[in-house]
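The values are calculated or read from the model by the stated rules, or taken from the named source; none is laboratory data. Just so it is clear, the model here is predicted, and its values are computed rather than measured. Using ideal geometry, Cβ is built from the backbone for each residue, glycine included, and neighbour counts are taken over all protein chains shown.
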Amino acid sequence: MTQLDGVTDLHSHLVPGVDDGARTVEESLEGISRMVEAGVGRIVTTPHFDASLCRDEKRLDTRLAELDEGFEILRAAVLEAHPELELGRGQEVLLDDPFPDLSDPRLRLAGTRFVLVEWPRLSIPPSTPDVVERIRGQGWIPIIAHPERYRDILKDIGVVAAWRRAGACLQMNHGSLVGRYGRGPQAVAMHLLEGG
Ligand SMILES: [Fe+2]
């Protein structure tokens, strides 16, 4: 297995012009080139998506169409610049509605059962293990984005283990490990890794 085969990235904002990530396709390609140089061989990119949109069919369709269009632009550019790279599509689903309908495969990671989710405003609402359980009950596997970045995570670090017990996976940011968000998230990231 080559190094490229070994690394898959499941959280990035590379679809141009659809969120606070890459603004242009040139910026997307710049980020992707750096990832490829670092040994990433597969990317499932994850633009921001508000779960509450699922309650309004018209707004949902509009947002998904916007993401479809952006993803097609990215796909064509990647095919030309990095034909060896496997590119998939996902979302980072902000659970502003804790129980969205995730049946549209575009809401999940490359159409699999896995869905990248985050809690609103980088703070953890009550009963999150129940939310995880309910999403699992619908057949989907939530991956909680960057637990180390929540402001109040240290007050109740046990909640991370509760998410795991309820059936969630966890995703940690590279930036947290190298101190890009400061010492707090870096320390929590190390603590979580050390705890397995
Ligand atoms: Fe993100």
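Within the stretch 8-30, residues that are among the small types (Gly, Ala, Ser) sit with their Cβ atoms under 8 Å from residues that are part of a loop (DSSP other than H, G, I, E, B) and more than 11 Å from the ligand (Cβ to nearest atom), at 6+ positions apart or across chains, in these pairs: Gly17/Arg23; Gly17/Thr24; Gly21/Val15; Ala22/Val15; Ala22/Pro16; Ser28/Val15; Ser28/Pro16; Ser28/Ala22.
Scan the stretch 33-69 for residues that are within 16 Å of the ligand (Cβ to nearest atom), among the aliphatic types (A, V, I, L, M) and in contact with a His (Cβ under 9 Å, 6 or more places away or on another chain) and jot them down. Within the stretch 33-69, just Val44 meets the criteria. Evaluating His11 against the criteria (1) exposed (fewer than 13 other Cβ atoms within 10 Å of the Cβ); (2) of a type outside the set (D, E, K, R); (3) at pLDDT 95 or above leaves one unmet condition, (1).
Scanning the stretch 89-104 for residues that are over 10 Å from Trp119 (Cα atoms) and in a strand (DSSP E or B) turns up Arg89, Glu92.
Looking only at the stretch 144-154, which residues are surrounded by 20 or more Cβ atoms within 10 Å (Cβ to Cβ) and touching a helix residue (DSSP H, G or I) at 6+ places or on another chain (Cβ under 9 Å)? Once the filter is applied, which keeps residues that are surrounded by 20 or more Cβ atoms within 10 Å (Cβ to Cβ) and touching a helix residue (DSSP H, G or I) at 6+ places or on another chain (Cβ under 9 Å), the stretch 144-154 yields Ile144, His146, Pro147, Glu148, Tyr150, Ile153. Out of Ala76, Ala65, Ala110, one residue alone is over 22 Å from Arg149 (Cα atoms), in a helix (DSSP H, G or I) and not assigned by TED's automatic domain parsing to the domain that holds Val15. It is Ala110. Taken together, Ala161, Ala166, Ala145, Ala187 contain a single residue that is small (Gly, Ala, Ser) and in contact with a Pro (Cβ under 8 Å, 6 or more places away or on another chain), which is Ala166.
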